[in-house]
Each structure stands twice: as C-alpha cells, then as structure tokens.
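Worksheet: one structure, shown below.
Read-outs: derived from the displayed coordinates by stated rules, not from any lab. What you see is a predicted model, and the numbers here were worked out from it, not measured in a lab. Neighbour counts are summed over all protein chains in view; Cβ atoms, including those assigned to glycine, are modelled from backbone coordinates with ideal geometry.
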Ligand code: FAD
C-alpha cells in the first residue's frame, strides 16, 4: 500500500502541511499533480503565463525529488477520472492534500473524497493555505466577521506559535519510468516568457513597506501575489517574516485571509453583491467605454497607465488597481463584474477571493463599511501618489494625447445620483 499526496495550490516541498502529514503516515508517498481539464479547458489563451508558471514550479519540484531518487507523477484530465486510473495503478491507503476554499474547489474535493471513500480509500485534507480558515476566527456570537478591523484584531489575538512542517525525503516512493512531468505541449499549452525562481521575501521592501507601498513608481511591494496564489511560498514563512519586520505588511496578509473567509461563508459573492440592495444599481454598461478602459484609452493618464501596466505585464500596483476599479464602477458606471472578469484574465496573481472582495470594495457593494460616495478623483490621486508623473510616464508613450472620455465632476455627480436612487 502507498499514500498519495495531491498537489494543488501548494506547489512546494518545504513547509507544506498536507505533505508533511503524508510523509509521516508510515507508508511511502507518491506525489501527484493533475492538470485539471475542468479548469484548463476554460482558458482561451493557450500561451497562458499562469499555466506556464505552474508548469515551471512543478518541474522544479520534480528536479528536487529526482535528486532524492523519487519523482512527481503528473496527469491531464478530470480529477475523478484520474483517481479511477490511479486506483488501478496503485493500492492506495489515503489521499492527502491541502484545503482550498473556493466554491468550485470545495465541490471537486467533495466529489473526489466521496468517490474514494466508497472505494475504501481515505481522503485527508489539511489547513495550509492560510493561518486561519473557515470557523477559526468568529465573533463572540459565533457568526463570521464582515468588517476587516475587528477581524484583524481577533486574528492577531488568536495567533500562537507558527509551526514549520518538515519534509522527510526518505518517505517518497521510488517510481520507475516516470521521471519527467508532462510537457506544456502535452496539455495543449505553449511556453511563455514568464520566469520562475523560488520566491524569496526581500527584507528591504518589507521593512519600509508602510512608507513607500502607495507610490506606484517606486514599485515598493513584494510581488509575492502569484507565489501565494500557487503556494510556491508558504504563508507561514510570510507571516513570520511580517511579524518580525512590518505590521502594515502583516495587515495585507490578513486582508488575504479576510476575503478568503468572506468567500467561504458568503459564496453568493461570486456572482452577486455582498450587500443585496446594490443589485438594483442600473449600470450603464456601455461596451465602447468598457473597451476604452480595458485598452487604457480613457484619457485619464493614471487610469490608462495602470491598464497598460496590467496588459503588458500581468501586474498592476495596488494603488492603481483601486483607482482603475473606482473609475470603471463610478465614473463609467460599468458593472464591477465586468472589471472583475477582465482582471481575472490578466492578473498573474489573480485570486477569486481577493479579486472579488476588492472589486466589491471599489464598487461600494462589498462587505466592510466603505461608503459608496467615496469616489476617487484621478487627478487628486495622481498629485498624491505620482506627483512627478514617473509611473504615468513609464507606461504611457510620449505620443499619448487622449482627451478625457468623461468629465470628472459630471461623472461624479452622475454616480452619486445613480447610487442614491438605487439604494433609497
Ligand atoms: P504586497 O503589497 O507585497 O502584499 C503581500 C500580499 O498580501 C499580496 O501578494 C496578497 O497576497 C496580499 N494582499 C495585499 N493586499 C491585499 C488586498 N487588498 N486583498 C487581499 N490580499 C491582499 N490581490 C490578489 O492577490 N489577487 C487578485 O486577484 C487581486 N485583485 C485585486 C483587484 C482590485 C480591484 C484591487 C483594488 C486589489 C486586488 N488585489 C488582488 C489586492 C492587491 O492589489 C494585490 O494583492 C497586490 O497589489 C499584489 O501585489 P504584491 O504581491 O506586491 O503585494
């Protein structure tokens, strides 16, 4: 008999909770990754950088396992079908993995677990992706928090010692004839220019994060979003580092968990406003205007620079994400779900809970007390956060002479009136 460890959003060998438990289970462990066609078939762009990133991370894991005379087994298909095949290939005792809190992932895991149990195989999953999950942080009346500040206070109060989970390489099973992982071509994708290096936390960024994080030209944030998304870095490593070096950065990691628990407790947010009343907002949804926003042609330099950074790199600075999202939902009165979907296709660090939570925050329809009448003024934001226009100049060509597609004062009043009417 063997055990299986199923990699998903935890693409690393070190400090991996589920893997640690699998390796300490007394049986040899076969490490497995499934290129899930239920997810991949929905991706239109076959030169998808995030798939290439996953592939590179897996290749790194495989190389490391090879040096310990083991190997990663990769499959392409629907997880249920793959487990049916794995049952023929191995006598499996338990499938170990780490928990995922997105509605689709929960559904997938319930199906797989049910199928395995019917066949006498145990399914054992662990908390790895977050410090606190599900019901870990609740109000005194046992209901979930919907406001960040009290949530983060309780989060900090509840924090104990953060463990490190070791990896015992001698417990990996030796696999014959399966030394290479599937290629990108095997799964219908192409190589891209994305680079992969094992993520590290830069102390000089984190230590002064609170001073400089809001100035997009300084690019003074960690860019660890994609690593946290795919688990190529452990959140426990990040939180330990944050505790030692910078509380503001710790708060950002708590925001991540805050939105994850919102998604877990209120899965309706995937398609609907957290605050139901906001469903009544009559969005203008002008397709031409949406296109101009996507292409960075609104005539507001800070908005256009942000959209061009996103289109060119798959990243956008947080301050500018807030400005562009506010512009779309308030200035143009375009449904936040359109912007959310566009970001989802472009952001390398795309994460359902964070993207959804932040878009709803920008539109004012999310949890938290953010009032709808806070409408970012792009010019004021530029004066405060990019006064030398360094960021704008970096992303806009010299020939840029776009005229504003809508006047700020007019757009602001239109938004206020529309929201007020819908909500009263
Ligand atoms: P740092 O500033 O170094 O922060 C460290 C980590 O903390 C981030 O990598 C991320 O995991 C977490 N974090 C930071 N801010 C937030 C936040 N506001 N909410 C949740 N987690 C946070 N973040 C995503 O990870 N995925 C998304 O799809 C995403 N979409 C967003 C959409 C909009 C409209 C806005 C306003 C913000 C969005 N964010 C998203 C949050 C934030 O902008 C990014 O996490 C951050 O810019 C990533 O840069 P970084 O990795 O350098 O993060």
FRET efficiency for residue 271 and residue 69, Cβ-Cβ distance as r, R0 = 45 Å, nearest 0.05? 0.40
Spin-label pair residue 409/residue 422, simplified geometry with 7 Å Cα→Cβ offset, distance in nm: 2.5 nm
Computed, not fitted: 222 nm per-residue ellipticity of the chain from DSSP H runs ≥ 4 (each -39500 (n - 2.57)), nearest 500, equal to -13500 deg cm²/dmol
Could you please rank 23, 43, placing first whichever residue has the fewest other Cβ atoms within 10 Å of its Cβ? 43, 23
Based solely on C-alpha atoms, express the radius of gyration and the Dmax of the stretch 149-253 in angstrom. 18.6, 54
Taking 0.36 nm per intervening residue step and subtracting the Cα-Cα distance, what contour gain separates residue 208 from residue 76 on full extension? 43.2 nm
Cα atoms only, the chain: Rg and Dmax in Å? 22.9, 70
Using Cβ counts within 10 Å as a stand-in for footprinting exposure, how do 297, 383 rank, fewest first? 383, 297
Can you tell me the mean projection area, over all orientations, of the convex hull of the stretch 275-395's alpha carbons? Units nm², please. 7.1 nm²
So, with points 7 Å from each Cα along the Cβ direction, the residue 197-residue 88 label distance in nm works out to 4.5 nm
Return, ordered by residue number, the residues of the stretch 263-299 whose backbone nitrogen is under 18 Å from a label point located 7 Å along Cα→Cβ of residue 44. 286-296
With bins of 10 Å, the percent of all Cα-Cα pairs of the stretch 257-344 per bin from 0 is 16, 45, 31, 8
Give the angle, between 0 and 90 degrees and rounded to the nearest 10, that separates the Cα long axis of helix 352-363 from the longest principal axis of the Cα atoms of the chain. 10 degrees
Just want the ordering: 180, 335, from fewest to most Cβ atoms lying within 10 Å of their own Cβ. 180, 335
Grab the Cα-Cα distance for residue 157 and residue 283, subtract it from 0.36 nm times how many residues apart they are, and report the gain in nm with one decimal. 41.2 nm
Using a basic spin-label model with each label point 7 Å from the Cα along Cα→Cβ, how many nm lie between residue 400 and residue 149? 3.5 nm
When all alpha-carbon pairs of the stretch 1-128 are counted, what percent fall beyond 21 Å? 38 percent
Between residue 140 and residue 175, what FRET efficiency comes out of the Förster formula 1/(1 + (r/R0)^6) with R0 = 41 Å and r the beta carbon distance, rounded to 0.05? 0.20
